[in-house]
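A short write-up of the structure that comes next.
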Amino acid sequence: MSDSNYHVPVLAEQVCRYLITDEKGVYLDGTLGGGGHAEQILKKLDAEALYIGLDQDPEALTFSKKRLARFKNVVFYHGVFTEMEAAMQLANVETLTGVLLDLGISSYQVDQEARGFTFRSDVPLDMRMDPSRQQLTAGDVLNHYDYRELIRIFRQYGEEARAACIARQIVKQRKTTPIVSSGQLLKLIDRCVGGKHLKKSYARIFQALRIEVNQELELLSSALNLAVSKLKKGGRLVVISYHSLEDRIVKNFLREQENPCICPPELPECICGRQPTMKALKPKLIRPDEQEVKKNPRARSAKMRVGEKL
Ligand SMILES: C[S@@+](CC[C@H](N)C(=O)[O-])C[C@H]1O[C@@H](n2cnc3c(N)ncnc32)[C@H](O)[C@@H]1O
């Protein structure tokens, strides 16, 4: 498979521009994927620099190891990005010059039908990013979570207005037949949602299941805190997200790091003593331009934010 068939890196030029502050620095890529960003960044780094590439998907690591084989300064690590401390220990480093998180899934993962991330064909409901370590699948969620839990994840992670109706259909259906394929799930959603909103509801329910199966939001919040604690002064945290729930977490995180004071506003001066740890670089929100979206439609929802360690 060609490198661009695996995944086209999003906002690649901007990632390099904002992330690299020292050509001999130590960089951690928490979402190595097909190594697209990594390759662009490594081309700009000195041979003395170190690049730690981490991904939880074993297939992504196999692919990117081949793609990046010509670079001798890469350390690969299989695990979730909240294991960044262990990856740093393996690479024998204590601080980082930059951290990149390009969230979500790669085009390759979406296109592999057996992984169950797509609703565009009838696939098994899996959605685990690391089938070698994770047990819980999307099918398990649908067949075993109780009615209230299903409503919660559809509302909280999918922002789906018809969450209760869809959950009710699921609970009714599974009493007679387990729900194992995306085709079955789509038919249940069809019973609750009308015409022009249907595709959006499919996408919302699939997003909710993927977030639940992979604990995506919890991992993101922990990784942001870890990254700040590992960055050296002037080091950059670059995060690209693809839906509003992730972007909200990143935006609020940077805001709190920039202004951590928790004193009541009526106090004339700060007494809590909390000091800022990061500043959000401007522009605060970086989006792909029309040309990039035309070439790579999967970039259309991307939102990039950058923080600098103080
Ligand atoms: C959008 S792709 C990254 C693409 C990559 N930047 C490139 O240019 O090829 C996201 C990747 O992050 C991985 N991933 C998502 N969440 C993760 C997590 N919590 N820990 C480690 N890897 C994760 C996925 O397995 C996927 O390979």
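No value in this document is a laboratory result; all are computed from the given coordinates. These numbers were taken from a predicted model, which means no experiment stands behind them. Cβ sites come from the backbone with ideal geometry, for glycine too, and all protein chains shown count toward neighbours.
Could you give the Stokes-Einstein D for the chain in µm² per second, using the C-alpha Kirkwood radius, 25 °C, 0.890 mPa s? Before the final figure, lay out the partial values.
On the way: Rh = 20.7 Å.
The estimated diffusion coefficient comes to 119 µm²/s.
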Per-peptide average of other Cβ atoms within 10 Å, ordering 28-38, 174-184, 56-66 highest first: 28-38, 56-66, 174-184
On a straight-distance basis, which aspartates and glutamates could pair with K44 in a cross-link, Cα separation under 16 angstrom, same-chain partners fewer than 8 positions away excluded? E13, D22, E23, D29
Given the pairs K232/K282; K196/K284; K24/K233; K43/K65, which span a C-alpha to C-alpha distance of over 22 angstrom in this model? K196/K284
Is it possible to state the helix-based mean residue ellipticity at 222 nm for the chain, with each DSSP H run of 4+ residues giving -39500 (n - 2.57), the sum divided by total residues, to the nearest 500 deg cm²/dmol? What is it? -13000 deg cm²/dmol
Among E216, E292, E113, determine the one that fluctuates most according to a GNM of the chain built with springs between C-alpha atoms less than 10 Å apart. E292
Output wanted: per-residue J couplings in Hz (rounded whole) for segment 301-310, from phi through Karplus 6.51 cos²θ - 1.76 cosθ + 1.60, θ = phi - 60°, x for Gly and Pro. 9, 5, 9, 10, 10, 10, x, 10, 5, 8
Given a 10 angstrom Cα cut-off, can you work out which residue in L231, L96, L245 is the most mobile in a GNM of the chain? L245
Multiply the residue gap between N252 and V110 by 0.36 nm, knock off their C-alpha separation, and tell me the result in nm, one decimal place. 48.3 nm
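Net charge near F71: determine it from the other residues with C-beta under 15 Å of the C-beta of F71, scoring Lys and Arg +1 and Asp and Glu -1.
On the way: positive: K24, K43, K44, K65, K66, R67, R70, K72; negative: D3, E23, D29, E39, D46, E48.
Here the charged neighbours net out to +2.
Using a Förster distance of 30 Å, how high is the FRET efficiency between S244 and A47, based on the Cβ-Cβ distance and rounded to 0.05?
Here the calculated transfer efficiency is 0.15.
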How long are the three semi-axes of the equivalent ellipsoid for segment 1-45, computed from the Cα gyration tensor as the root of 5 times each eigenvalue, in whole Å, largest first? 20, 10, 9
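Can you tell me how much longer the chain between R17 and Q135 gets when fully stretched, taken as 0.36 nm per residue apart minus their C-alpha distance, in nm with one decimal? Present the calculation step by step, with values, prior to reporting the outcome.
On the way: separation 118, 0.36 × 118 = 42.48 nm, distance 3.88 nm.
Full-extension gain reported as 38.6 nm.
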Quick calc, Q40 & E85: beta-carbon distance into FRET formula, R0 22 Å, rounding 0.05, result 0.25
Calculated Rg and Dmax of segment 116-214 using C-alpha coordinates, Å: 12.2, 39
Contour minus Cα-Cα distance for D190 and K294 (0.36 nm per residue): 34.4 nm
Per-residue HN-Hα couplings for segment 118-124, Karplus 6.51 cos²θ - 1.76 cosθ + 1.60 at θ = phi - 60°, whole Hz, x for Gly and Pro? 10, 9, 7, 9, 7, 10, x
Could you let me know the centre-to-centre spacing of segment 19-92 and segment 161-226, using Cα atoms, in angstrom? 33
For V123, distant residues with modelled amide H under 5 Å away: S182, G183
